[in-house]
1. Any residue that is at pLDDT below 90, part of a strand (DSSP E or B) and either open to solvent by 40 Å² or more (accessible area, probe 1.4 Å) or closer than 30 Å to Thr607 by Cα (or both) - is there at least one of those in the range 435-448?
2. Please enumerate the residues belonging to the range 652-667 that are open to solvent by less than 70 Å² (accessible area, probe 1.4 Å) and farther than 19 Å from Arg741 by Cα.
3. Filter the range 354-406 down to the residues that are β-branched (Val, Ile, Thr) and in a strand (DSSP E or B), then identify the one that is farthest from ligand 2 (Cβ to nearest atom).
4. Can you tell me which residue is nearest to Asp39 (Cα to Cα) among those in the range 581-594 that are at pLDDT 90 or above and open to solvent by less than 10 Å² (accessible area, probe 1.4 Å)?
5. Just to be sure before I move on: is Leu238 part of a helix (DSSP H, G or I), open to solvent by 10 Å² or more (accessible area, probe 1.4 Å), modelled with pLDDT of 95 or more and under 27 Å from Val127 (Cα atoms) in the structure I sent?
6. Among the residues of the range 70-108, write down those that are small (Gly, Ala, Ser) and without any contact (Cβ under 8 Å) to a residue 40 or more places away in the chain.
7. Of the numbered conditions (1) within 16 Å of ligand 2 (Cβ to nearest atom); (2) under 15 Å from Leu224 (Cα atoms), Asn87 fails exactly one; give the number of that condition.
8. Of the residues Lys141, Lys152, Lys107, Lys125, only one is open to solvent by 90 Å² or more (accessible area, probe 1.4 Å), in contact with a strand residue (DSSP E or B) (Cβ under 6 Å, 6 or more places away or on another chain) and either modelled with pLDDT of 95 or more or hydrophobic (A, V, I, L, M, F, W, C) (or both); which?
Amino acid sequence: MTKKDTIQNIDYAIIAQAHTPMYLIHKYWARKPHNVVADYIKHYSKEGEIVLDPFGGSGVTAMEAIKAGRKAVSIDLNPMSAFLIENTLSQISPREIEAEFSKLEAKLKDHINDLYETKCPKCGKKVVAICLHWEKDKPNKVMFECDSCNIKRGKDVDNFDLKKIKEAEVLKPKHYPQSGLAYNGNKFMKREGKETIAELFTKRNLYSLSILFDEIEKIENKKLQNVFKFAFTSMVHLASNMTPVRPTRQFSSFWALQSYWTPPVYMESNVWMLFESAVLGKQGVLKGKEDAANQITIYKKAKTFEELNDGANILFETANALELNKIVPKNSVDYIFTDPPYGGAVQYFELSTLWASWLGMDLDYADEITINSQQEKDFDYYHKMLKSAFREMYQVLKPGKYLTLTFHSTEIAVWNSIIKAVILNGFDLEKIVYQPPARASAKGLLQPYGSAVGDYYIRFRKPDVEKLLSERAMDKETYEREVVMAAKGIIEERGEPTIYQRILNGIMVELKGGRNVPIGAKNVEDVLKEHIGKEFELKNIKDAKGKTTGKAWWLKGRDYTNFSTPALSERVGKTILQVLDRKVKASFDDILQEIFIQFPNALTPDTADINSILEEYSVKTSDGKWRLKPEQQKIQRDTIHNLMIYHLAELGKKAGFKVWIGSQEQKSKVKNKPLSEICDRIPVFRFVPQDSLSLERIKQIDVLWLEDGRIRYEFEVENTTGISEAIIRGSNIPEQLKPKRFIVIPKEREKFLFRKLQEPILAETIKKTKWNFIRYADLKKLVGGARKTFNASELDEVAKMPRENTGEKQMNLNHFD
Ligand SMILES: C[S@@+](CC[C@H](N)C(=O)[O-])C[C@H]1O[C@@H](n2cnc3c(N)ncnc32)[C@H](O)[C@@H]1O
Ligand SMILES: [Zn+2]
């Protein structure tokens, strides 16, 4: 029996931090953010316990585990995985690396740089080219730096340059990989008939790489040799011709596509310079290994699992996840954190061919879990392999312990496959957390359909006692009904027109990833489309200029008068205010983290929205943190808010009404008197619903003016009450009473409110319920002077819709009717 410890679950997204230097040495695809992985490890395992990742990839799980004092097991079928871990962690002093680098430098630097010699067009002196731009296999530009002239720029290729290229073409390279290139269809495409590694490089670069690699192989100390090979493969793709020249970046490039191809304009980069920066640069091995050594104080490699119980703390092997049982004993692992292949979205093995070929590694394509037509690996294969892999994981995990699975696809079929693979092996699904990308660009999100961005973190637990399993899918009608219900629930909960991405993220969570989804079920998108015009309608999203920028989903025929929750953005706004009230100064990430905790999954707001709210309320300090504007600080907000209520009460009395003040606000003081003293005693609110909920909401309205117990006027002061919130409260006062409704706004809020009113549902409801807006300043003018009486109709004269440009002539609200 394992006793169930009290675990503090992670039910919210964690803000991802940037990769630190140790994770920047070498490229790998879909590397997980270290701090998020670390948080999971710390929540779901204890010090000294064993953490496993059978799809270890670049080794983040393993390295974060030992950093946190756990023991790590990392398995991956791709030998690059072990290579990355080994060389990130290997214990070699920076001095040894520097010394060896100096030797290589003495032997090769001038020799290689000579091959890239060019002439400065200004002073005529010999300089070294940083890179060349080739267009359609012809060199046309040389990028160089001249120290004498203090310039760094490009020039046209001249005869001298052509001669240099010719000379290099007849040089005989040392040994280089002869293996063919692998193409296995789907994502990874054969675009230009390239068959060999050699075709990926210019002759000059292939020669330079070959002599560099040759020297590295001569290094006697194997550990050191491997570190330099690590540096070599970290840049070899950048030395290839798969590197497009971007208009804004003329001196460096990147590997852009899952293909062996030559872009129309590509780069030939100086091999020595690439290598030097791979060793000494900001993202080089020296900095990276230093970072690793600082962060990871104990590194003791195990050769077998048993050695982990005998002083060692990390075991990493190139192996098939389906054969986990050969490496790890049953019921021996305390926590699994893993990120399995996402269908065929990333072809890890093809992408690793180039590196592996230089390193002389064999890639076991046959056992790779992926979807890949040319390897005849279809969806069924993928599903079966995953299922077997999770069977293995189930067996090695101790009963009662956790498995966190991260996932990055929204194809319901792939979800279905993954989730089923896990629960059919006996795991209980406990929770799905949507983890948004830290800074998503807002643009792509505005389409009414599309695929999701961000990751899902799914928490499973191995039950204490093995269960009997049955696979029971829902029927198609049930599935479709659940999709529609979930979508409706999400829009209702958000209380605002919602972009497709948010709905999709929410549905994945609501349907528990679609674990009972029938085979061949429609995609969420198709189900929802069929319900446009029935349950849903699409609303235009407009920018501040009123231009339509996208579409959002809304519940057909609904507006805020029949809602019970205010719009999400208002709730988020309040939370941000509270965070800043409490913290005084906070970084964007701190604020985002609180928001992610309070508004998880389908409620997760866009970071762009959070940003615009922050800009509205606060200013950035010199250290990049946010702090409330003086007028937005709590004391100020409360003072002004209460003062406005006081004025409204005064005016109401002068106009001959009985005055009600919101039950919350009655406790506040103005001019040292509690507002309750100027609140009239109202025996009964007539002609309104008398149930306690409705009455409670009515009594929360900031100020009411009544005549014979009938509500004639209602007022909300905007700096604490959102517009949709005001509408929702106000909708408890029946239209038959023809109440006049006013929102009082401070000058600074006007622009913001103008923008908010571009939101179609809000605008429609405002119009329908005939709300008006009054500015603080106008209100103060009305109370000014020593007038004894006041005519309520004067309010209509000063009422105006919020404007974008507050300097412009105001337009009377009546114009909008
Ligand atoms: C999504 S990646 C993991 C990336 C990882 N999250 C990281 O931070 O680097 C999936 C990994 O599964 C590996 N893989 C594919 N088939 C496998 C198999 N049969 N056994 C073990 N690993 C396999 C791939 O090589 C790849 O590294
Ligand atoms: Zn010069």
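The values are calculated or read from the model by the stated rules, or taken from the named source; none is laboratory data. Everything numeric in this text was worked out from a predicted model, so none of it was measured. Heads up, the Cβs are rebuilt from the backbone with ideal geometry, glycines too, and the neighbour counts pull from every protein chain shown. Side chains are part of the model used for accessible areas, which takes the heavy atoms of the whole protein and leaves out ligands, DNA and RNA. Shrake-Rupley method; radii C 1.70, N 1.55, O 1.52, S 1.80 Å.
1. The answer is yes; a qualifying residue exists.
2. Matches in the range 652-667: Gln666 only.
3. Among those that are β-branched (Val, Ile, Thr) and in a strand (DSSP E or B), it is Thr404.
4. Ile591
5. Judged against the criteria, Leu238 is a match.
6. Restricting attention to the range 70-108, the residues satisfying the condition of being small (Gly, Ala, Ser) are 72, 74, 81-82, 90, 93, 99, 102, 106.
Passing the criteria: Ser93, Ala99, Ser102, Ala106.
7. Failing condition for Asn87: (1).
8. Values: Lys141 fails: open to solvent by 90 Å² or more (accessible area, probe 1.4 Å); Lys107 fails: in contact with a strand residue (DSSP E or B) (Cβ under 6 Å, 6 or more places away or on another chain); Lys125 fails: in contact with a strand residue (DSSP E or B) (Cβ under 6 Å, 6 or more places away or on another chain).
Unique residue meeting the criteria: Lys152.
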